[in-house]
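Contents: one structure, followed by commentary.
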Amino acid sequence: MPAETEVQPKQLNDGSAVLIQALKDQGVEVIFGYPGGAVLPIYDALYKNPIKHILARHEQGAIHAAEGYARVSGRTGVVIATSGPGATNLVTGITDAYLDSLPLVVFTGQVGQEVIGTDAFQEADIIGITQPITKHNYQVNDIKDFPRIIKEAFHIASTGRKGPVVVDIPKNIAAGLFDEEKHVDEEVNLPGYQPTTRPNFLQIQKAAQAISNAKQPLILAGAGILHAGAMDELKDLVEKHRIPVTNTLLGLGSIHGEHELFLGMAGMHGTYTANMAITECDLLVNIGARFDDRLTGNLNLFAPNAKVIHIDIDPAEIGKNVPTEIPIVADAKEALKELLKQEFASPVSEDWITHLKEAHKEYPLWYVEDKEHLLPQQAIQIIHQVTGGDAIVTTDVGQHQMWAAQYYSLNNPDHWVTSGGLGTMGFGFPAAIGAQLAKPKERVVAIVGDAGFQMTAQELSLLQELRIPVKVVILNNEGLGMVRQWQETFYEERYSQSLIPVQPDFVKLAEAYDLKGYRINTLEEAESVFREALLSDEPVLIDCRVKQLENVYPMVVPGTGLHEMIGVSGK
Amino acid sequence: MKRVITVTVINQSGVLNRVTGLLMKRQFNIESITVGHTEQVGMSKMTFIVNVEDERKIEQLVKQLQKQIDVIKVDDITDKSIVMRELALVKVISPPHIRSEMNSIIEPFRATAIDIGKNVVTYQVTGNPEKIEAFIDLIKPYGIKELTRTGATAFVRETQKVQSPQLSILK
């Protein structure tokens, strides 16, 4: 490493230069963004003092890519968009990141302070708009606050329960002269923000006691495990005390998909075994999950026999939906470490485990093979086979997402990038681009539906430009599969606006972007094409024509209990 | 049930919006809200009266408020010994010949006339919300032309009784 004999003085000549330098100081390696009038000074500063910038073709693409990057790298995603429409195009992604607790710092341009509030050209009150969907937001009203605000924004986004922070920068602040004397490099001081990461010792003791008293305990592991990097501790706890474990949708990957004590995902489209285990357990240890309604089903029937331990870094999540006997406010890793230090007798009766394993054998995930059509479940299974369970998988929301969750058994943490809380169509493809940038050597497969893909398909241009080997797999059932399934089940097959028979030729679309496109119609084609396409080093798009009327089962109908799942098939 | 919540916040632009926005988003019904500076520079205090169904809801409200970056401290002071005051201004039709009658009515409330016109008088009254209600009820038959209330502001008393009586409005 060359010795740095001379430290260059920082070029702090205007607000934008301060911003770019601050981003470098934060270790930001990549920015996702889209320029426009109000952020021209920032883009000019970026020209003079470059950081890798990914020019998405729509702001929504930029922010979902940043989310994918954040999820996979564990780092804070950075987004820049201009004022007005640039900023409002980010709203979906900000909400998505908020609901799934992804760390983002989003810089929006704003019109100059002299015209704020006059409905000026490209003005939108993005602070007002994003207040309910951000962890915090700022408008920079005085240039001397700018460095402090950037620092605080990164601190808030990436600590405690992670989340998006918006920093709105009026154009005159971005272009305004910055006097270096104004720059006081102070430590972050936020008296109102002191997240608790260390667990209360007495509560840990109580939890240990409760576990040692339980006959049929169950661990529910959520995304909090992944955010805290507590996978090893989770595995240790599971194995040390032989406690069966289930995952939320977002928690998938926190334990190896083939672990002998893993029961599969729980919730609306979870496995019969996982949901039955929740219903029958006498102790439920929730680590880093928020008891979302898609997980719990009818709350009155949820875990009726269980004492509940809830470990969460956000105290507001504890007791919000499910009454909790033992609340532990802490980072999942810290809490699990303390819990593992406690010596107590392993309580679990092997009968409980045997009972669950038998149920798993008797009521597995199932589908009925169809000679004429390729089934989406089969497609996912082949993808799993070909990639060995090692790929980073990203998805939108809907049927394809549930099939991916059910049939793509993950070997690794941070390899599952899905829009859980908000359920955002159009998320999966740009998120895959961000994920690939975060981990260039990993194989990234975006499993998307034909409808969702068309919401952000313009980002194919990014693959063309960057030549990163993202694989786009469209499970094409000519419409909004999950909407159609609900219409079939709850609206007497009145398929109102859920079928989209008129489609672009996706292969030609790929070719229009100078990408390789494949089409698959049958099981045989799937096996050969996936092998060729997924193992190539190039970006590819695969239009996978699957059986149109296939449904996701089993299912917990909203308003019913987890034990009342429909579509459970005994072997 | 009604609860009295005090929230100490860093006085930055948008903080009131943030707090009321949170209450709106989470569907809490605000009965009244007052905000003003505190003895500490840069700190403001809000006092809310909110209507919630049960203990879980109020716990959730306090936790959600506490999560806000600008919020320093949240207290549910409903069950403590507290001092609570509200101010109301009432403009009443009051021709000269009934002024002495009016005076005898307002006197027990320690209300004062702060503006006197030919046929109308504006009274100012302070006290807990219940007292204000009683005052308004008494004045109503004379014809209220205009009425404005500040909403309650409150904090806990220096000395806490072991079993402090709950304020009647909160029952």
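The values are calculated or read from the model by the stated rules, or taken from the named source; none is laboratory data. This structure is a prediction, so every number in the text was calculated from the model and none was measured. With ideal geometry, Cβ positions are generated from the backbone for all residues, glycine too; neighbour counts draw on all protein chains shown.
So the values come out like this:
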read-out: Qualifying residue in region A:420-435 (condition: part of a loop (DSSP other than H, G, I, E, B) and in contact with a strand residue (DSSP E or B) (Cβ under 6 Å, 6 or more places away or on another chain)); value: no
read-out: Region B:56-79 residues that are within 21 Å of residue B:2 (Cβ to Cβ), paired with ones that are in a helix (DSSP H, G or I) and of a type in the set (S, T, N, Q) (beta carbon under 7 Å, 6 or more apart); value: B:74/B:66
read-out: Residue ID - surrounded by the most Cβ atoms within 10 Å (Cβ to Cβ), chosen from residues in region B:52-68 that are within 11 Å of chain A (Cβ to nearest Cβ) and farther than 30 Å from residue A:189 by Cα; value: B:57
read-out: Hey, residue B:1 free of Cβ contacts under 8 Å to residues at least 60 places away in the same chain and either away from chain A (no Cβ under 14 Å) or in contact with a strand residue (DSSP E or B) (Cβ under 8 Å, 6 or more places away or on another chain) (or both) or not; value: no
read-out: Region B:24-55, residues that are aliphatic (A, V, I, L, M), assigned to a loop (DSSP other than H, G, I, E, B) and free of Cβ contacts under 8 Å to residues at least 40 places away in the same chain; value: B:41
read-out: Scope region A:491-524; condition in a helix (DSSP H, G or I), within 29 Å of the chain's Cα centre (by Cα) and free of Cβ contacts under 8 Å to residues at least 40 places away in the same chain; matching residues; value: A:507
read-out: When residues of region B:69-111 are limited to those that are polar (S, T, N, Q) and either under 26 Å from residue B:156 (Cβ atoms) or touching a Pro at 6+ places or on another chain (Cβ under 9 Å) (or both), the one nearest to the other protein chains (Cβ to nearest Cβ); value: B:78
read-out: Given (1) outside any strand (DSSP E or B); (2) within 21 Å of the chain's Cα centre (by Cα); (3) closer than 19 Å to residue A:316 by Cβ, number of the condition residue B:6 does not satisfy; value: (1)
read-out: Subset of region A:291-310 [within 20 Å of the chain's Cα centre (by Cα) and either under 20 Å from residue A:228 (Cβ atoms) or within 14 Å of chain B (Cβ to nearest Cβ) (or both)]; value: A:291, A:292, A:295
read-out: Complete set of residues in region B:39-51 that are within 14 Å of chain A (Cβ to nearest Cβ) and within 21 Å of residue B:151 (Cβ to Cβ); value: B:43, B:44, B:45, B:46
read-out: Unique residue being surrounded by fewer than 24 Cβ atoms within 10 Å (Cβ to Cβ) and either over 26 Å from residue A:567 (Cα atoms) or of a type in the set (Asp, Glu) (or both) when the list is A:370, A:396; value: A:370
read-out: Which listed residue is surrounded by fewer than 24 Cβ atoms within 10 Å (Cβ to Cβ) and closer than 30 Å to residue A:555 by Cα, from A:464, A:487; value: A:487
read-out: Filter result for residue B:114 (more than 14 Å from chain A (Cβ to nearest Cβ), without any contact (Cβ under 8 Å) to a residue 40 or more places away in the chain, more than 16 Å from the chain's Cα centre (by Cα) and in a strand (DSSP E or B)); value: yes
read-out: So residue A:331, is it touching a helix residue (DSSP H, G or I) at 6+ places or on another chain (Cβ under 9 Å), modelled with pLDDT of 95 or more and within 14 Å of chain B (Cβ to nearest Cβ); value: no
read-out: Qualifying position, being under 22 Å from residue A:178 (Cβ atoms) and either at pLDDT 95 or above or within 28 Å of the chain's Cα centre (by Cα) (or both), among A:33, A:74; value: A:33
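Every residue, every condition in (1) modelled with pLDDT of 95 or more; (2) touching a Pro at 6+ places or on another chain (Cβ under 9 Å), yes or no:
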{"residue": "A:160", "(1), (2)": "yes, yes"}
{"residue": "A:183", "(1), (2)": "no, yes"}
{"residue": "A:199", "(1), (2)": "yes, no"}
{"residue": "A:206", "(1), (2)": "yes, no"}
{"residue": "A:224", "(1), (2)": "yes, no"}
{"residue": "A:232", "(1), (2)": "yes, no"}
{"residue": "A:246", "(1), (2)": "yes, no"}
{"residue": "A:258", "(1), (2)": "yes, no"}
